[in-house]
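Only one structure is covered here, and it is reproduced in the block below.
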Amino acid sequence: MDVKPRALLVDDEPDILELLALTLARMAIDADTAGSLAEARALLARQTFDLCLTDMKLPDGNGIELVEHIQRHHSRLPTAVLTAHGNMESAVSALKAGAFDFVSKPVDLQMLRNLVTTALNLNHPDRRQDENHCDLQLLGESPAMDTVRRKIAKLARSQAPVYISGESGTGKELAARLIHELGPRSDKPFIPVNCGAIPEELMESEFFGHRKGSFTGASTHKEGLFQAADGGTLFLDEVADLPLHMQVKLLRAIQEKAIRPIGEQREKPVDVRIVSATHKDLAALVRQGSFRQDLFYRINVIELHLPALRERREDIPALVEHILSRLTAGNGADQPTLAPEALEALQAYDFPGNVRELENILERAMTLCENQCITAADLQLPAGPGTSEPGQAATPLPLEPYLGHVEKETILKALAQTRNNKTAAARLLGISFGALRYRMKKLGLE
């Protein structure tokens, strides 16, 4: 016989406790109730629970004190707090203290049921098995990456909004996917969106959807990104690129856990976890007035910083091995080796484009190398400020000019190898003849 889940409900209002207990009973969940911090601590000391719901205001303290107590003594127990409607400061404080999620009063019972279902999924036996068999992984055994992995595992057990910071190419989307895959929403959608790639005039429709006939060209009903991610995770990449009017609408959607499609009269509840990222300095944009402080405060409940590759040079050999293995898998080719001096050159290079740049360098080197051995010359690393001795402070290069330089040098080398035969050079580079002509013209090589 299956044992029913058990919840601890903490509130000094009997009517609220009765409503919560009745709602959970209909979900086949038993509940114990407490009217104060002291009663809650006593129950926690003698009974095991699967979930805790606590009010923020209690006669002998507040809900955050209980959240902190549970974090110290019962760290695997998901705890949600009940907050006054619109009191986002309390909600954010609770999330920062380690609360799983929050519910605003008056309690929306459907939102409560969604929260309870997600929380109970955290410690389900199948969930623990899935955590040990996640296909995604962040490579590297450096202390910096070990810290990142441990923080991701902790963030996966929360519903708090996460802000991922780091330079371009450090793996921010991979980290966001890991937070989703290791958490209780892994069986629901993960929807990534590049905020800088959506035309401003279409942004509201893309995020919130629209009804047929709500504006010129709206010939059908359209589901927005929030609805597509319902029950799962919405990853807002390059969130700094959102225009100010959309920042206001996004803030409301996050705070109210509801959206209003264009042409609709009423808001629709959505159950979405928000993870955002940008390579820009969001705090500096807030100071400049181009990013709303209240939205920054709301999405940056917990920050996850991804280190640059130059800050974890000891991980480069493992990354090289993994990338070369992936590039050769499935095409029948033998995996090339890396000459010792080539590895030394990579470990001395500053990688302004981080892991993404390392992948591009190795993919190009595989095309250009001979006898299945990649030499330092095949890497075509630029000399100068982009290269340093291991341990030296990095001097990042502007990425666009650097990539243009690399592309130009690669094309020139391919043309030299094929005695200026453009058709053969295009084949060597793995691109079409038309693409080669376009790139040569763009780079002034025609």
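Taking the criterion of being at pLDDT 90 or above and part of a strand (DSSP E or B), would at least one residue in segment 380-401 satisfy it?
No, because not a single residue in segment 380-401 is at pLDDT 90 or above and part of a strand (DSSP E or B).
In the set Arg252, Arg292, Arg266, which member is at pLDDT below 95, among the basic types (Lys, Arg) and over 26 Å from Arg185 (Cα atoms)?
That would be Arg266, the only listed residue that is at pLDDT below 95, among the basic types (Lys, Arg) and over 26 Å from Arg185 (Cα atoms).
Taking Lys57 as meeting all but one of (1) open to solvent by 20 Å² or more (accessible area, probe 1.4 Å); (2) more than 34 Å from the chain's Cα centre (by Cα); (3) under 26 Å from Glu89 (Cβ atoms), write down the number of the exception.
Condition not satisfied by Lys57: (2).
How about segment 228-246: which of its residues are surrounded by fewer than 18 Cβ atoms within 10 Å (Cβ to Cβ) and within 29 Å of Pro106 (Cα to Cα)?
Correct list: Ala228, Gly231, His245.
Limited to segment 122-148, what total is found for residues that are at pLDDT 90 or above, part of a helix (DSSP H, G or I) and surrounded by 15 or more Cβ atoms within 10 Å (Cβ to Cβ)?
3
With the condition kept exactly as written, say whether any residue in segment 258-268 is in contact with a Ser or Thr (Cβ under 9 Å, 6 or more places away or on another chain), surrounded by 17 or more Cβ atoms within 10 Å (Cβ to Cβ) and part of a loop (DSSP other than H, G, I, E, B).
Yes, segment 258-268 contains at least one residue that is in contact with a Ser or Thr (Cβ under 9 Å, 6 or more places away or on another chain), surrounded by 17 or more Cβ atoms within 10 Å (Cβ to Cβ) and part of a loop (DSSP other than H, G, I, E, B).
Only strands (runs of 3 or more DSSP E) wholly contained in segment 1-78 count here; list those with 1 or more residues that are in contact with a Lys or Arg (Cβ under 6 Å, 6 or more places away or on another chain) and over 19 Å from Phe100 (Cα atoms).
In segment 1-78, 30-34 are the strands (runs of 3 or more DSSP E) which contain 1 or more residues that are in contact with a Lys or Arg (Cβ under 6 Å, 6 or more places away or on another chain) and over 19 Å from Phe100 (Cα atoms).
Just one of Ala97, Ala119 is small (Gly, Ala, Ser) and touching a Pro at 6+ places or on another chain (Cβ under 7 Å); which is it?
Every option except Ala119 fails the conditions.
What number of residues within segment 271-297 satisfy the criterion of being among the basic types (Lys, Arg) and open to solvent by less than 30 Å² (accessible area, probe 1.4 Å)?
1
Identify all residues within segment 89-104 that are surrounded by fewer than 18 Cβ atoms within 10 Å (Cβ to Cβ) and in contact (Cβ under 8 Å) with a residue 60 or more places away in the chain; write none if there are none.
Lys96
Filter segment 156-173 down to the residues that are among the aliphatic types (A, V, I, L, M) and modelled with pLDDT of 95 or more and list them by number.
Val162, Ile164
May I ask you to list pairs of residues, at least six apart or on different chains, whose Cβ atoms are under 6 Å apart, with the first in segment 60-75 being touching a residue at least 24 places away in the same chain (Cβ under 8 Å) and the second being among the hydroxyl-bearing types (Ser, Thr, Tyr) and surrounded by fewer than 17 Cβ atoms within 10 Å (Cβ to Cβ)?
Going by the 6 Å Cβ cut-off, the qualifying pairs are Asp60/Ser36.
Please pick out the residue among Ala21, Ala42, Ala34 that is surrounded by fewer than 14 Cβ atoms within 10 Å (Cβ to Cβ) and at pLDDT 95 or above.
Ala42
So, in segment 425-443, how many residues would count as being farther than 14 Å from Leu412 by Cα, in a loop (DSSP other than H, G, I, E, B) and not hydroxyl-bearing (Ser, Thr, Tyr)?
Residues flagged as farther than 14 Å from Leu412 by Cα, in a loop (DSSP other than H, G, I, E, B) and not hydroxyl-bearing (Ser, Thr, Tyr) within segment 425-443 amount to 2.
The values are calculated or read from the model by the stated rules, or taken from the named source; none is laboratory data. None of these values were measured; they are calculated from a predicted model. Neighbour counts run over all protein chains shown; Cβ positions are idealised from the backbone, glycine included. All accessible areas refer to the heavy atoms of the entire protein, side chains included, with ligands and DNA or RNA removed. Shrake-Rupley method; radii C 1.70, N 1.55, O 1.52, S 1.80 Å.
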